[in-house]
Amino acid sequence: MLRHTKSPLLSLPGAVPAEGPDEGVAAHYGDLFREQRTLADGSGFVDLSHRGVITVTGPGRLAWLHLLLTQHVSELPPHQATQALILSPHGHIEHALYLVDDGETTWAHVEPGTQDDLVAYLESMKFFYEVEVADRTDDIAVAYLPAGSIAATPEGVVARETAYGRDLFLPRERLAEFAAEHGPAVGVLAYEALRVEGHRPRLGLETDHRTIPHELGLIGEAVHLQKGCYRGQETVARVHNLGKPPRRLVFLHLDGSVVTIPGHGAPVRLASDGPEGRQLGFVTTAVRHHELGPIALALVKRNVPVDATLLVGEGTAASQETVVEP
């Protein structure tokens, strides 16, 4: 069961609570497209305080994490952001960690509600390593500053900086103060629209119980092919050598006349087969974008032609852009 943490910023004017995996923070503050433009311009911030936060301390923390994660982290320089996965024995994605090390502590934020299982797994793998794993969700909130933001990182706050922006590990009691100084606040629907535009997959939406990293284009970004053994590595190596993951992530431009965007799990078919044709995939995330209109990410069978027009849900036409090559 998800453990949702309700944000104090839901009391801001116009805040509309998010539902589903983003419950606990604001979906928007009254103007979705304006909020998207604010982020695209490098302004404002997004309250991601519902996300789980874990830390790992101890002198052997990076060497230990290197044994467990798909990413090469044994020599991770301080303040360099990275992304990593934990796989099942069969190579299926179980956890996604967004990491940074400050020289003394490794910080990671994860999908809401997944931190309990993640901490339990990490605790079970400590063996003789002198490391301490802590769930910091109750006292640390994640706040996102978009790429191009000129806002300064607050003193004493750890930042994870990527090409997409900065994730701040902010003491939860400072969240309201941060909002007052770094507004305007932007809801998670705007953040999600830019995530979909950037083809960035999210655990629990772009993944199901059998998703492997190759299907989402995570080789290199979150999976290092030249590191030592980790759980699920055999599947990663085999699929990489064969070059044939069973599915692939695609980006969809949906018919702009649709009144309702398709929900997670909506079937994807070939347009030539009609709405009664064989299902070849499903929508993972669909959003309305301030410039592109309705767009989506979807997982489809590897052999779906890259130039085929698709049909989503009850009959919405969709053209595709390749994210993962077949």
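The values are calculated or read from the model by the stated rules, or taken from the named source; none is laboratory data. Small disclaimer: the values here were computed from a predicted structure and weren't measured. All Cβ positions, even for glycine, are placed from backbone atoms using ideal geometry, and neighbour counts span all protein chains on display. Side chains included, ligands, DNA and RNA excluded: accessible areas come from the protein's heavy atoms. Shrake-Rupley method; radii C 1.70, N 1.55, O 1.52, S 1.80 Å.
The table below lists the values:
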quantity: Condition check for Leu76: outside any loop (DSSP other than H, G, I, E, B), open to solvent by less than 20 Å² (accessible area, probe 1.4 Å) and not basic (Lys, Arg); calculated: no
quantity: In region 83-94, residue nearest to Tyr164 (Cα to Cα) [restricted to those that are touching a helix residue (DSSP H, G or I) at 6+ places or on another chain (Cβ under 7 Å) and open to solvent by less than 30 Å² (accessible area, probe 1.4 Å)]; calculated: Leu85
quantity: Residue satisfying condition, being touching a residue at least 24 places away in the same chain (Cβ under 8 Å), more than 30 Å from Glu215 (Cβ to Cβ), open to solvent by less than 70 Å² (accessible area, probe 1.4 Å) and not in a helix (DSSP H, G or I), within set Leu175, Leu97, Leu168; calculated: Leu168
quantity: Top-ranked residue in region 218-266 [being assigned to a loop (DSSP other than H, G, I, E, B) and of a type in the set (Asp, Glu); ranked as least open to solvent (accessible area, probe 1.4 Å)]; calculated: Asp255
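For (1) in contact with a strand residue (DSSP E or B) (Cβ under 7 Å, 6 or more places away or on another chain); (2) surrounded by fewer than 22 Cβ atoms within 10 Å (Cβ to Cβ), each residue gets a yes or a no:
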position: Ile54; (1), (2): yes, no
position: Gly58; (1), (2): yes, yes
position: Leu68; (1), (2): yes, yes
position: Ala81; (1), (2): yes, yes
position: Asp117; (1), (2): no, yes
position: Lys126; (1), (2): no, yes
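One line per residue, one yes/no per condition, for (1) more than 21 Å from Leu9 (Cα to Cα); (2) in contact with a helix residue (DSSP H, G or I) (Cβ under 9 Å, 6 or more places away or on another chain); (3) open to solvent by less than 50 Å² (accessible area, probe 1.4 Å); (4) at pLDDT 95 or above:
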position	(1), (2), (3), (4)
Tyr121	yes, yes, yes, yes
Tyr129	yes, yes, no, no
Ala134	yes, yes, yes, yes
Ala141	no, yes, yes, yes
Leu145	no, yes, yes, yes
Arg160	yes, no, yes, yes
